[in-house]
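The values are calculated or read from the model by the stated rules, or taken from the named source; none is laboratory data. This one's a predicted model, so the numbers in the text were calculated from it and none came from an experiment. Note: ideal-geometry Cβ built from the backbone for every residue, glycine included; neighbour counts use all protein chains shown. Remember, those area values only see protein heavy atoms, side chains included, never the ligands or the DNA or RNA. Shrake-Rupley method; radii C 1.70, N 1.55, O 1.52, S 1.80 Å.
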Amino acid sequence: MTTRARRLEQFGMVWSVADERFQENLEAAKAYYDQYWTLCAPRTATALERKVGQWLSNIRRPGALAEHPDWEAALEEIDPDWNPAWPADWQRHYAALRELVRDEEGPVEVLPGVTVHGMDVGKWRARQQKPEVWEALTDGQRERLEAVGVVRPAPERETPAAPSTAPASAFERGVAALTQYRARTGSVTVPRGHVEAIVAGGQEHPVKLGVWVMNQKSRRAKLTTDRLAALAMLGLEWAQQG
């Protein structure tokens, strides 16, 4: 810039209305950052009587500053994360947590209920450590969290499923039902339409016991030796092996 240009600026010469408006909004943005530690302001935010939140939202739109790299550089000088690749609300919470623990030494416990600027940063911090939330974060978000002491959550241990005590096959269910029926009635002569309910694994399993017994008898020639022995032990004479 020439000496003449500098002198003209000192007398109030405005080279660009757009540049002048940007500088005015930038001053408001600085004032907002000084109070909230981030330029990811809500759209309703104001500073120095200017609608700084709406202004910042507008210039974060793709290509809004394509012809003004100097403007973008000025914003980055105030806040390198002024236009993050993640939601602005996330950045606001992160900035509040960052400033909350800035001067602390070592890990800092921030419990749910700890609020900064009306944001429950304790609850937000705890949520970031849920495995499903952590995995959905970008690398940049994880790096920032780790920088303020929020560590990667330990993988959840899968609770092994309790072994099922329910009979595994239809034949086993039938044997269990017939065993229960004999214990209750003292007989293995089951009416054709009888249904015996057995309880296993905390669930009830209805077995059409009368039909099942008749089916086993009709299939006797196809039953394995083990199955015939199980039926014989229950007292079914036709299952006895000669």
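Tally Lys and Arg at +1 and Asp and Glu at -1 over the other residues with C-beta under 9 Å from the C-beta of P42: what net charge comes out? Don't skip to the end; give the middle numbers.
Numbers: positive: R43, R92; negative: D89.
Surrounding charge for P42 is +1.
Rounded to whole Å and sorted largest first, what semi-axes of the equivalent ellipsoid does the C-alpha gyration tensor of the stretch 63-216 yield via the square root of 5 times each eigenvalue? Spell out each step's value before the answer.
Numbers: eigenvalues 894, 71, 30 Å².
So the three semi-axes of the stretch 63-216 are 67, 19, 12 Å.
Alpha carbon centre of the stretch 24-86 versus the stretch 176-239: separation in Å?
For the stretch 24-86 versus the stretch 176-239, the Cα centre distance is 78 Å.
Mind grabbing the accessible area of I59 for me, 1.4 Å probe, Å², rounded to tens?
The accessible area of I59 comes to roughly 20 Å².
For K217, go through the lysines and keep the ones whose alpha-carbon is under 30 Å away, minus same-chain ones fewer than eight residues off.
K208
Jot down the radius of gyration and Dmax of the stretch 51-111, Cα atoms only, both in angstrom.
14.7, 45
Could you rank D81, D34, D120, D70 by how accessible they are, 1.4 Å probe, largest area first?
Details: D81 25, D34 120, D120 50, D70 95 Å².
Largest to smallest exposure gives the sequence D34, D70, D120, D81.
Just from its helices, what would the mean residue ellipticity at 222 nm be for the chain, if runs of 4 or more DSSP H residues each count -39500 (n - 2.57) and the sum is divided by every residue, rounded to the nearest 500 deg cm²/dmol?
Values: 11 runs with 118 residues, N = 242.
Computed mean residue ellipticity for the chain: -14500 deg cm²/dmol.
Using Cα springs under 10 Å in a Gaussian network model of the chain, which residue among P80, P62, P131 shows the largest mean-square fluctuation?
Maximum among the listed residues: P62.
Most mobile of L137, L39, L209 per a Gaussian network model of the chain (Cα springs, under 10 Å)?
Top of the fluctuation ranking is L209.
Can you give me the angle between helix 170-185 and the longest principal axis of the chain, using Cα atoms only, in degrees from 0 to 90, rounded to the nearest 10?
The helix 170-185 is inclined about 60 degrees to the chain.
Choose one answer from V190, V133, V52: the residue with the largest mean-square fluctuation in a GNM of the chain with alpha-carbon springs under 10 Å.
The residue that fluctuates most here is V190.
May I ask for the angle, rounded to the nearest 10°, between helix 88-101 and the longest principal axis of the chain, with both axes built from Cα atoms and the value confined to 0 to 90°?
Approximately 80 degrees, to the nearest ten.
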